[in-house]
């Protein structure tokens, strides 16, 4: 029976060779070639100029991931202790925003954060800005929130928080409660139970959540452009610009993509070492 | 049993706040879909206007159609292919399976942008290879004529979506297979089933929950995807996300809020139906599922009714797609693909042209000259007519990308003022028909600056820190700096360029710039979010309609005046239709309508002269002369302005380097 079944996979293996493996090989080829078809390393040399962009992208993505974890873990944990129908509804509610296009949600943040945006209008109305001016002796008409790195991080957290909550929740909710009871029976207090039982057991979910937030954050280009005002170039912007944007240079774009991919893969390998022996990362 | 409600009020509060955080922007979006005004931050009263408008908007309806179609097709194909692949993997030895699963995970683990870029490159390489092959085939036989130029489009978009959907299906079917009792198939066969029967009657029902949840995940991913589509769809198959992205650069039309609200409500209703049904089943069967699968409760018992609902929902989607399809399917064989800038045409002209000639117009927009160039180079588009600016036309001609026009098919060319013919970018008038012309200048908010602005130095002035919007385009930005320093705007002297670059850099360092923007300027200046910006005269007049405090000046140091002209790409398959379109647009009536709509001056002498009268007739009041002079700059202003000329390759590269350095 087994051999007969494995034949079903043949078309997909061919498909993967063409549409998964070949594109990456082509990307590698592009990265090592110049516009005229010769081989060169200059794309990588040139990339040195962009070290700051790499640094900024990874920094912002790390901050966003950390914030997602700080919010996402407690939320998933508390959620798992609610009633079953509450949990189901909450899960649907967390998934639901994905059906509203993320660009639109991000655009909505623009109208909230603008200098004359909804939030500043609100602050004005309740006198928060006046109060702040009195306290600090400054003369602000608004708080500048948009076009800052903070706004970009906010956009990342907002868009990818569900990707942190879902995997963590799906691991925690499957925890065997008799383990917790056993731990308590053996004299552990709540903190110890959490640290020694719940946390280690939920690690696979945490790791997969981190990956699912970090990877899209580090490579985003729409969010940084909309909320960052184009003053803080991120890796995604840099790559987009080489292909379909203002600076046509697909070779350089391929090289940057390649390096980014390698760094991300290394990060993930290192992380998976932490979770070694655990179940394979849980997706969605 | 687990403890119920073990949460304190504080814990609850955290959850509520998270919910609020997730939903605040969505609620705002929905609320503003009922706004009577166009703004997305100022409430002008309740109205269903945008919902009515929505169905008139061809661009949006078409992108909704593309989105639904590609998501449905990709989901169906990926679900079937993924299920078979998962079964195949299940039947393999562990080692082979793990290896293949690792490859399978690549699209999921990779950043979307890497997947998008690598697929884009694959398509480009394939297209190039195909071009050579088709050329060779066509050269030695004439029975079958193969198209030599392929471009990104619906096909590539579909492939990309299938590509990133299959892994999700495999991932949700795989575990169900592993949970299945391995003896079941043998038992079925022992009881007289053929292998095929066992497959359909035993394996498939066992893994059905996995298949369904995989399909739903795939569909969600497809609908929500933007980045991969962006790199693989070209411009002809814009998904809703891509259309929205195009709009976020200028102004998101509330129609988008309306369509999103409709889609959102549909999904909520569907999910509510499923959930009610599921609760019903649960309370009957006393069977508590602890599945984490969000959309899909595991339907062990009595699940049939619910699947009917899901099927009905799916069917409704299909019907909707078909409806839109038939709605937009007034198709004809004659097509012309036009690419221009955002809000750069009176859209009624498109309908008018279609009715007159029966030629269907695919109207698309690019962001900037440079982006247009990249798009064409990457094979991302199959445009016929493009409307680049002077210097880019020069570059396209130099690189042999434009087709020579047959002016006998464009009689309206004679109406174009001689002043706009034979300019430096096309000295012999072989390739272009001018579309509009205008000046670049400074737009400022009179309530936010202390004195009228007359000089480019305002763009670099610390006094306005955080209040200035710099243009996000190297040529124009450096032009401002060059003018400010008193250099020629077409200089190739790297020292002068470097100096100009330093001026911008210093200003950026000092925090003068609030942002680097292109069409985002509209919303930001109209909303009073910035004091000073540099942009085009015509667009200033559009903004003036929405904010009377704005003023425009062509700085005393001089500036750039530009001509945007229609040209036809060499690769165009629709040269005749392209000529008809160009002729139509060059006509006086079209120019008048366009001028009235976009406020850019027309090169058609008759139209330009007639415009004040046209305006008076249309609006019942005379046209302010000042406004007319801003639109069509008088000779004394033009005297201090200069056209861009196409720069040599090294200088272009230098511009590029400078600009990227600025972004770091």
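The values are calculated or read from the model by the stated rules, or taken from the named source; none is laboratory data. Keep in mind that what you see is a predicted model, and the values were worked out from it rather than measured. Cβ sites come from the backbone with ideal geometry, for glycine too, and all protein chains shown count toward neighbours.
The figures follow:
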| item | result |
| --- | --- |
| Options A:78, A:12, A:73: the member that is free of Cβ contacts under 8 Å to residues at least 12 places away in the same chain and farther than 23 Å from residue B:110 by Cα | A:78 |
| Residue that is modelled with the lowest pLDDT [pool: residues in the stretch B:368-379 that are part of a loop (DSSP other than H, G, I, E, B) and either touching a helix residue (DSSP H, G or I) at 6+ places or on another chain (Cβ under 8 Å) or more than 20 Å from residue B:562 (Cβ to Cβ) (or both)] | B:379 |
| Lone qualifier among B:614, B:600 - being closer than 29 Å to residue A:231 by Cβ and in the same structural domain as residue B:399 (by TED's automatic domain parsing) | B:600 |
| Hey, residue A:167 under 26 Å from residue B:220 (Cβ atoms), at pLDDT 90 or above and not in a loop (DSSP other than H, G, I, E, B) or not | yes |
| Residue check, residue B:69 more than 10 Å from chain A (Cβ to nearest Cβ) and in a helix (DSSP H, G or I) | yes |
| Unique match (being touching a residue at least 60 places away in the same chain (Cβ under 8 Å) and under 26 Å from residue B:265 (Cβ atoms)) among A:106, A:89 | A:106 |
| Residue identified as at pLDDT below 95 and under 30 Å from residue A:140 (Cβ atoms) among B:458, B:409, B:403 | B:458 |
| Candidates B:382, B:414, B:418 - the one that is in the same structural domain as residue B:590 (by TED's automatic domain parsing) and either touching a helix residue (DSSP H, G or I) at 6+ places or on another chain (Cβ under 8 Å) or in contact (Cβ under 8 Å) with a residue 24 or more places away in the chain (or both) | B:382 |
| Residue list for the stretch A:170-192, filter: touching a helix residue (DSSP H, G or I) at 6+ places or on another chain (Cβ under 6 Å) and away from chain B (no Cβ under 14 Å) | A:183 |
| Filter pass, residue A:19 being more than 10 Å from chain B (Cβ to nearest Cβ), at pLDDT 90 or above and either more than 27 Å from residue A:210 (Cβ to Cβ) or not in a helix (DSSP H, G or I) (or both) | no |
| Output for the stretch A:222-273, where each listed residue is within 7 Å of another protein chain (Cβ to nearest Cβ), within 25 Å of residue A:108 (Cα to Cα) and under 16 Å from the mean Cα position of the chain (by Cα) | A:222, A:236 |
| Verdict on residue A:116 being under 30 Å from residue B:229 (Cα atoms), facing another protein chain (nearest Cβ under 7 Å) and not in a helix (DSSP H, G or I) | no |
| Qualifying residue in the stretch B:107-124 (condition: in a helix (DSSP H, G or I), facing chain A (nearest Cβ under 7 Å), modelled with pLDDT under 90 and buried (at least 22 other Cβ atoms within 10 Å of the Cβ)) | yes |
| Condition check for residue B:458: more than 26 Å from the chain's Cα centre (by Cα) and either farther than 19 Å from residue B:652 by Cα or surrounded by fewer than 16 Cβ atoms within 10 Å (Cβ to Cβ) (or both) | yes |
| Boolean, residue B:505 is more than 18 Å from residue B:643 (Cβ to Cβ) and assigned to a helix (DSSP H, G or I) | yes |
| Flag for residue A:77 being over 24 Å from residue B:230 (Cα atoms) and more than 7 Å from chain B (Cβ to nearest Cβ) | yes |
| Answer residue from the stretch B:1-46, given it is in a loop (DSSP other than H, G, I, E, B) and at pLDDT 90 or above and is nearest to the other protein chains (Cβ to nearest Cβ) among those | B:33 |
| Residue list for the stretch A:2-16, restricted to those being in contact with a helix residue (DSSP H, G or I) (Cβ under 8 Å, 6 or more places away or on another chain) and either surrounded by 12 or more Cβ atoms within 10 Å (Cβ to Cβ) or more than 9 Å from chain B (Cβ to nearest Cβ) (or both) | A:5, A:6, A:7, A:8, A:9, A:10, A:11, A:12, A:13, A:15, A:16 |
| Subset of the stretch B:82-106 [assigned to a helix (DSSP H, G or I), more than 15 Å from residue B:217 (Cβ to Cβ) and touching a helix residue (DSSP H, G or I) at 6+ places or on another chain (Cβ under 7 Å)] | B:84, B:85, B:87, B:88, B:89, B:90, B:97, B:100, B:101, B:103, B:106 |
| Condition met for residue B:135 (within 11 Å of chain A (Cβ to nearest Cβ) and more than 23 Å from the chain's Cα centre (by Cα)) | no |
| Helices (runs of 4 or more DSSP H) completely within the stretch A:172-263 that count 2 or more residues being touching a residue at least 24 places away in the same chain (Cβ under 8 Å) | A:199-219, A:222-228, A:235-243 |
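A quick yes/no check of all residues on (1) at the interface with chain A (Cβ under 10 Å from one of its Cβ atoms); (2) within 29 Å of residue B:155 (Cβ to Cβ); (3) touching a strand residue (DSSP E or B) at 6+ places or on another chain (Cβ under 8 Å):
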| position | (1), (2), (3) |
| --- | --- |
| B:236 | no, yes, yes |
| B:239 | yes, yes, no |
| B:245 | yes, yes, no |
| B:263 | yes, yes, no |
| B:267 | yes, yes, no |
| B:272 | yes, no, no |
| B:275 | yes, no, no |
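One line per residue, one yes/no per condition, for (1) within 27 Å of the chain's Cα centre (by Cα); (2) under 30 Å from residue A:115 (Cα atoms); (3) outside any loop (DSSP other than H, G, I, E, B):
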site	(1), (2), (3)
B:511	no, yes, no
B:514	yes, yes, yes
B:519	yes, yes, no
B:525	yes, yes, yes
B:529	yes, yes, no
B:541	yes, yes, yes
B:555	no, yes, no
B:561	no, no, yes
B:584	yes, no, yes
